[in-house]
1. Among the candidates 270, 254, single out the residue that is part of a strand (DSSP E or B) and in the same structural domain as residue 322 (by TED's automatic domain parsing).
2. Kindly list the number of the only condition in (1) in contact (Cβ under 8 Å) with a residue 40 or more places away in the chain; (2) surrounded by 15 or more Cβ atoms within 10 Å (Cβ to Cβ); (3) closer than 28 Å to residue 352 by Cα; (4) out of contact with any Gly (no Cβ under 9 Å at 6 or more places or on another chain) that fails for residue 301.
3. Applying the selection to region 124-179, what residues are of a type in the set (Val, Ile, Thr), in a helix (DSSP H, G or I) and touching a residue at least 40 places away in the same chain (Cβ under 8 Å)?
4. Which ones in region 295-330 are under 8 Å from the mean Cα position of the chain (by Cα) and assigned to a loop (DSSP other than H, G, I, E, B)?
5. For region 304-326, how many residues meet the condition of being touching a helix residue (DSSP H, G or I) at 6+ places or on another chain (Cβ under 7 Å), without any contact (Cβ under 8 Å) to a residue 60 or more places away in the chain and of a type outside the set (Gly, Ala, Ser)?
6. Hey, does region 99-109 have a residue that's hydroxyl-bearing (Ser, Thr, Tyr) and over 28 Å from residue 21 (Cα atoms)?
7. Looking at region 488-501, I want the residues that are farther than 19 Å from residue 349 by Cβ and assigned to a loop (DSSP other than H, G, I, E, B) and have a partner that is of a type in the set (S, T, N, Q) and modelled with pLDDT of 85 or more with Cβ atoms under 7 Å, at least 6 apart or on another chain. Which pairs are those?
8. Out of all the residues in region 472-487, which are more than 21 Å from residue 346 (Cβ to Cβ) and not hydrophobic (A, V, I, L, M, F, W, C)?
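The values are calculated or read from the model by the stated rules, or taken from the named source; none is laboratory data. Owing to the predicted nature of the structure, the values given are computational and were not obtained by experimental measurement. Note: ideal-geometry Cβ built from the backbone for every residue, glycine included; neighbour counts use all protein chains shown.
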Amino acid sequence: MTQFKDLGLGTLVLKGLSDLGFEKPSEIQAEAIPFIVENKQDLIALAQTGTGKTAAFSLPILEMIDADKKDLQAMVICTTRELCLQISQDIRDFSKYIKGINVVSVYWGERVDLQLRNLKKGANIVVGTPGRLHDFINRNKIKTDKLEYLVLDEADEMLDMGFKDDLDAILENASKNRQTLLFSATFSASVRKIAKEYMKEAKEIKIGKENAGAVNVKHEYYIVEAFNRYEALERIIDSLSDVYGIIFCRTKIETQEVADKLKQSGYDAEAIHGDINQNTRTKIMASFKKRVIKLLVATDVASRGIDVSDLTHVINYNLPTQEEAYTHRSGRTGRANNSGTSISICGIRDLGRIKRLEKMIGQDFLYKKVPSLAGIIDSKIDTYINKIETEAPGTLESNYCDKVIERMKKIKKEDLIKFLIQEKFGRIINSNSVEQDLNADLKKTKKHLSGPNVQALRLSIGKKQRADIKTIFALINSNKDTKGMDVGRVIVKQNYSMISVSNKDADKILDSLDNESWRGQRLMIERSNEALSASRSAGRHSRRRRRSSSRRR
């Protein structure tokens with residue numbers, strides 16, 4: 001069994017690790033640490049979120065830099081303020097017994113003069129976000145001419161967040177003698193481009209299959225109609241015991257709406273998205289880490305940099321637009337040898353995506369039914385009664401209890417039980433929810449998406465007009481009569497798009513979208529008797545519709 005002492009680390013680093021309770025290195029640590037200690041070759045390390053990448057690069061850097069020098073020797077570039085602060089603190093903890101190590105964090109959202117003051121004291125390690133680092137380098141406040149180690153942490157997320165220009169500027173001007181260490185969960189085309197441009201004959205270490213799911217995470221999904229999605233969320237949360245996790249939404253508006261509804265229903269929840277200012281975000285994150293807030297509702301971008309190792313659940317209120325993002329979401333639970341569960345609330349059209357995700361991460365998803373209100377209440381009352389039976393008589397002083405028992409003798413047992421149940425479970429029992437089965441009919445679903453019950457519709461915008469699948473769904477959801485309507489297959493061609501819907505919904509979509517305006521042009525939509533791939537015939541139908549529409553006008 002490999003130990004940290006076998007990886008080429010010195011006594012002082014090992015002593016710091018011992019204080020932190022670190023015993024056995026993770027796979028990425030066991031591979032990356034000895035390589036960095038023994039080589040000056042660039043490194044590309046691919047491993048999933050939560051596998052210990054921070055220690056994998058920071059421990060060998062601490063071993064190799066000269067703590068007596070105050071020149072900047074190592075720079076770590078990361079995605080967000082939270083991750084920046086977390087990495088900085090981890091490095092300080094690891095270097096507890098190494099005199100002379102000065103780690104400075106730089107990021108947007110804090111006073112510039114404070115960060116500059118810390119830099120002037122002499123930083124041999126700087127951890128920062130791309131924009132702030134680029135700004136300080138431009139102003140000659142950070143000098144990278146003597147840089148020995150440059151780390152790109154979560155490189156895929158950094159590029160997804162639009163930091164490529166900042167990264168290009170930093171990498172282009174950094175010391176040519178540096179060792180570049182790129183850590184990422186995926187090796188996307190954009191990450192490959194960065195590696196090709198700025199790294200020299202890099203060694204590649206790959207732990208596990210790319211996009212594979214964490215082994216400690218179970219994957220579950222529910223199928224509901226779109227209009228039942230929020231009600232299903234509440235029931236799922238209520239069915240879980242002591243849930244502590246992140247709920248992922250697609251948009252800022254949806255994130256805030258879900259968080260507001262949860263708070264109104266009595267849940268300990270808050271929203272994190274791009275419109276939340278930094279001070280508010282800091283307070284929310286502090287409360288979340290202390291478990292004062294149990295549920296964080298977040299967008300994918302806003303959640304990056306959240307480093308909490310003991311989340312019990314990740315809940316996908318919607319599946320992510322990019323399937324690779326599912327790995328990042330689910331990887332936020334099941335960390336540090338803990339088990340976790342990733343739950344997805346899906347619509348009818350998501351069944352195919354679930355199959356693709358199973359193939360991508362190499363794990364099966366368990367289909368579950370949304371529990372009934374009665375079932376949730378019965379389960380919670382049973383758990384409560386069991387707790388009373390196992391934990392009674394408690395630890396209160398007997399004198400105090402005797403007084404209370406004497407006073408309560410006049411209260412009927414039935415009234416006391418009703419009061420306790422109301423106090424404990426009144427929110428669920430007295431909710432405005434109506435008992436109904438929220439699960440979509442899977443047999444109906446199969447008929448709904450294929451065969452004679454389906455109608456193909458042709459819409460007069462496509463890739464040339466800068467439309468995509470999200471555009472089609474946004475148009476459908478923009479009308480109150482069609483919002484949340486189930487849509488089967490969507491194909492976006494160069495000059496038009498094809499949509500598969502049920503016969504019963506086709507007329508509503510035709511009425512809502514025909515002759516509507518989109519980006520200054522009039523939309524036209526019609527029925528098509530051809531398969532979704534029959535572009536020629538669909539094109540002829542479209543021209544006929546266009547001529548007849550002009551005659552009517």
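1. Details: 254 fails: part of a strand (DSSP E or B).
One residue alone meets the criteria, 270.
2. The number of the failed condition is (4).
3. 170
4. 299, 304
5. Qualifying residue count, region 304-326: 4.
6. So far as region 99-109 goes, yes, one or more of its residues are hydroxyl-bearing (Ser, Thr, Tyr) and over 28 Å from residue 21 (Cα atoms).
7. 496/460
8. 478, 479, 480, 481
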